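Student: Dropping a structure here in structure tokens format, bear with me for questions.
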Amino acid sequence: MASHAVGTYLVWRRVLKRGKLFRPRTALVHTPLLLCLITAVAVAQQQTAMSGVSKGVVPEEPRPQLGSQNSLEQISTADGVASVSGVVLDTSGAAVSGASVSLTKMDRSKQQTVTSGGNGEFTFAKLPPGSYVLIIKAKDFEPFTSAEFALAAQQAYEGPSIALSIATAVTEVTVRPTDVIAAEQIKAEEKQRLIGIAPNFYTSYIYDAAPLTTKQKFSLAAHDTFDPTSFIGIGIVAGIQQANNSFSGYGQGAVGYGKRYGALFANGRSSDFLSHAVFPSLFHQDPRYYYQGSGSFKSRLVHAASFAFVTRSDSGGTMPNYSYLLGDMCSGALSNLYYPSANRGANLVFTNAAIGLGGRMGSSILREFLSKRLTTNVSGKGKPRTPGNAKP
């Protein structure tokens, strides 16, 4: 419709130029037609403008300008060329090379780590402004943490004086109860046997062995005195007494042998429990013989022979061996209950006590000089050698 109106307008324009419409008569006739034409042209122009808008032609918007935040970021990046440097030394002033040096921003947004050079030097470059802290770690030295410091733009900051202290040696010590240690040592001692047969439980080759509790003293006494080899030994000694007609009141034959066997069994068990468990618990004494193994022959002999009279207390000191003396005497007194009436009395008590002491002295000497060579599963080496007890 708009193109048709424009075409009509052009035709009329040519006509007017030729002057045909300016005739009076013609002008009156065509005046209404001219008005209609002008109106149509105006309407066409208006529709053309609206058509352009409806087809999505939008005027160009003004370009946004850069905000102040972007400008600040660019400035901060451009200015982020600060640096931090320093030297790692020890307390004597010597350089510490190979140390791990960490530079941490206080807001935790940035962290860098370098290794100190041969002269202890380190450098951090191209750093943004902010607050930082230095953390230094080196082998065999205590860790170092600097105080917080502020770093300005384009600042070449020289680190604080760094002097690493030698790390304190940390020794880990595991403390175990004494009775636990003693239990382990007893377990090892119960494997000790002369020529692999006879028990040698009461010889401690660990010179500083842990003291025994009352329960452990009774347990060790039971294992020793009721060992199968003990019954064999009693049978041999009873046979010798039968052959010599010792304690004739028992008679001969199987009955006499049985009485002798029973008396020896009772003597041994009562003596063992009294001297190894009962009295050691009452007097807080250690019933074991402590193998010395070092020093001169004389010192070792004196040590072994004196064991029948002097022993070690549970606290590690020395004291008279009440346990063995009273144990032998009380065992001899009990023997009056089952020995023949002709052999009873004080003489029997002191005889048995003397035999017991003599036997302990002799066995101690054998323990010191022979038992270690003949014993299997030895669990120690005796008293450590010192200038005072070294062999000449």
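Student: Taking the range 81-105, which residues are over 17 Å from Gln154 (Cα atoms) and part of a loop (DSSP other than H, G, I, E, B)?
Tutor: Scanning the range 81-105 gives Thr91, Ser92, Gly93, Ala94, Val96, Ser97, Gly98, Ala99.
Student: So, one more: Test Arg300 against the stated conditions and say whether it is part of a strand (DSSP E or B) and either in contact with a strand residue (DSSP E or B) (Cβ under 7 Å, 6 or more places away or on another chain) or in contact (Cβ under 8 Å) with a residue 12 or more places away in the chain (or both).
Tutor: No.
Student: Which residue, of Gly327, Gly362, Gly332, Gly316, is at positive phi and assigned by TED's automatic domain parsing to the domain that holds Gly196?
Tutor: Gly316
Student: Scan the range 106-129 for residues that are in a strand (DSSP E or B) and surrounded by fewer than 17 Cβ atoms within 10 Å (Cβ to Cβ) and report the count.
Tutor: 9
Student: Turning to a different aspect of this structure: Which of (1) assigned to a helix (DSSP H, G or I); (2) closer than 25 Å to Gly196 by Cα; (3) modelled with pLDDT of 90 or more does Arg360 not meet, given it meets every other one?
Tutor: So Arg360 meets the others, but not (3).
Student: Could we say that Ser379 is in contact with a Ser or Thr (Cβ under 9 Å, 6 or more places away or on another chain), touching a residue at least 60 places away in the same chain (Cβ under 8 Å), closer than 27 Å to Gln241 by Cβ and surrounded by 15 or more Cβ atoms within 10 Å (Cβ to Cβ) here?
Tutor: When the stated conditions are applied, Ser379 does not pass them.
Student: Which one is nearest to the chain's Cα centre (by Cα), of the residues in the range 244-285 that are aliphatic (A, V, I, L, M) and surrounded by 16 or more Cβ atoms within 10 Å (Cβ to Cβ)?
Tutor: Ala277
Student: So Phe297 clears everything in (1) surrounded by 13 or more Cβ atoms within 10 Å (Cβ to Cβ); (2) of a type in the set (A, V, I, L, M, F, W, C); (3) over 38 Å from the mean Cα position of the chain (by Cα) except one condition, right? Which one?
Tutor: The one condition Phe297 does not meet is (1).
Student: Let me ask you something else. Does Ile135 satisfy the condition of being farther than 12 Å from Val84 by Cα, surrounded by fewer than 16 Cβ atoms within 10 Å (Cβ to Cβ) and under 34 Å from the mean Cα position of the chain (by Cα)?
Tutor: yes
Student: I would also like to ask the following. Return only the number of the condition from (1) assigned to a loop (DSSP other than H, G, I, E, B); (2) without any contact (Cβ under 8 Å) to a residue 24 or more places away in the chain that Arg385 does not satisfy.
Tutor: (2)
Student: Return a yes/no flag: does the range 291-306 have any residue that is of a type in the set (D, E, K, R) and touching a helix residue (DSSP H, G or I) at 6+ places or on another chain (Cβ under 6 Å).
Tutor: Checked the range 291-306: at least one residue is of a type in the set (D, E, K, R) and touching a helix residue (DSSP H, G or I) at 6+ places or on another chain (Cβ under 6 Å).
Student: Could you check the range 306-318 and list, in sequence order, the residues that are over 15 Å from Ala277 (Cα atoms) and surrounded by fewer than 16 Cβ atoms within 10 Å (Cβ to Cβ)?
Tutor: Ser306, Phe309, Val310, Ser315, Gly316, Gly317, Thr318
Student: Identify the single condition in (1) on the phi > 0 side of the Ramachandran plot; (2) not in a loop (DSSP other than H, G, I, E, B) that Gly295 does not satisfy, given that it satisfies every other one.
Tutor: Here Gly295 clears every test but (2).
Student: Has the range 156-171 got at least one residue that is at pLDDT below 90 and acidic (Asp, Glu)?
Tutor: Yes.
Student: Could you please tell me which pairs satisfy a Cβ distance under 9 Å, a separation of 6+ or placement on different chains, a first residue in the range 144-163 that is touching a residue at least 24 places away in the same chain (Cβ under 8 Å) and closer than 14 Å to Leu89 by Cα, and a second residue that is surrounded by 14 or more Cβ atoms within 10 Å (Cβ to Cβ) and among the acidic types (Asp, Glu)?
Tutor: Pairs that qualify, where the first residue is touching a residue at least 24 places away in the same chain (Cβ under 8 Å) and closer than 14 Å to Leu89 by Cα and the partner is surrounded by 14 or more Cβ atoms within 10 Å (Cβ to Cβ) and among the acidic types (Asp, Glu), are Ala163/Asp90.
Student: So, one more: How many residues, within the range 323-365, are basic (Lys, Arg) and surrounded by fewer than 17 Cβ atoms within 10 Å (Cβ to Cβ)?
Tutor: Qualifying residue count, the range 323-365: 1.
One line per residue, one yes/no per condition, for (1) crowded, with 20+ Cβ neighbours inside 10 Å; (2) modelled with pLDDT under 95; (3) farther than 23 Å from Arg373 by Cα:
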{"site": "Ile181", "(1), (2), (3)": "no, yes, yes"}
{"site": "Glu190", "(1), (2), (3)": "no, yes, no"}
{"site": "Leu194", "(1), (2), (3)": "no, yes, no"}
{"site": "Ile197", "(1), (2), (3)": "no, yes, no"}
{"site": "Ala209", "(1), (2), (3)": "yes, yes, no"}
{"site": "Thr213", "(1), (2), (3)": "no, no, yes"}
{"site": "Phe218", "(1), (2), (3)": "no, no, yes"}
{"site": "Gly233", "(1), (2), (3)": "no, yes, no"}
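Student: Within the set of pairs 6 or more residues apart or between chains, which connect a residue that is within 21 Å of Arg176 (Cα to Cα) inside the range 210-232 to a residue that is of a type in the set (Ser, Thr, Tyr) with Cβ atoms less than 7 Å apart?
Tutor: Short answer, once both residue conditions are applied: Ala210/Thr178; Pro211/Thr178; Thr214/Ser281; Lys217/Ser281.
The values are calculated or read from the model by the stated rules, or taken from the named source; none is laboratory data. These figures come from a predicted structure and were not determined experimentally. Quick reminder, even Gly has a Cβ in these numbers, built from the backbone with ideal geometry, and neighbours come from all protein chains shown.
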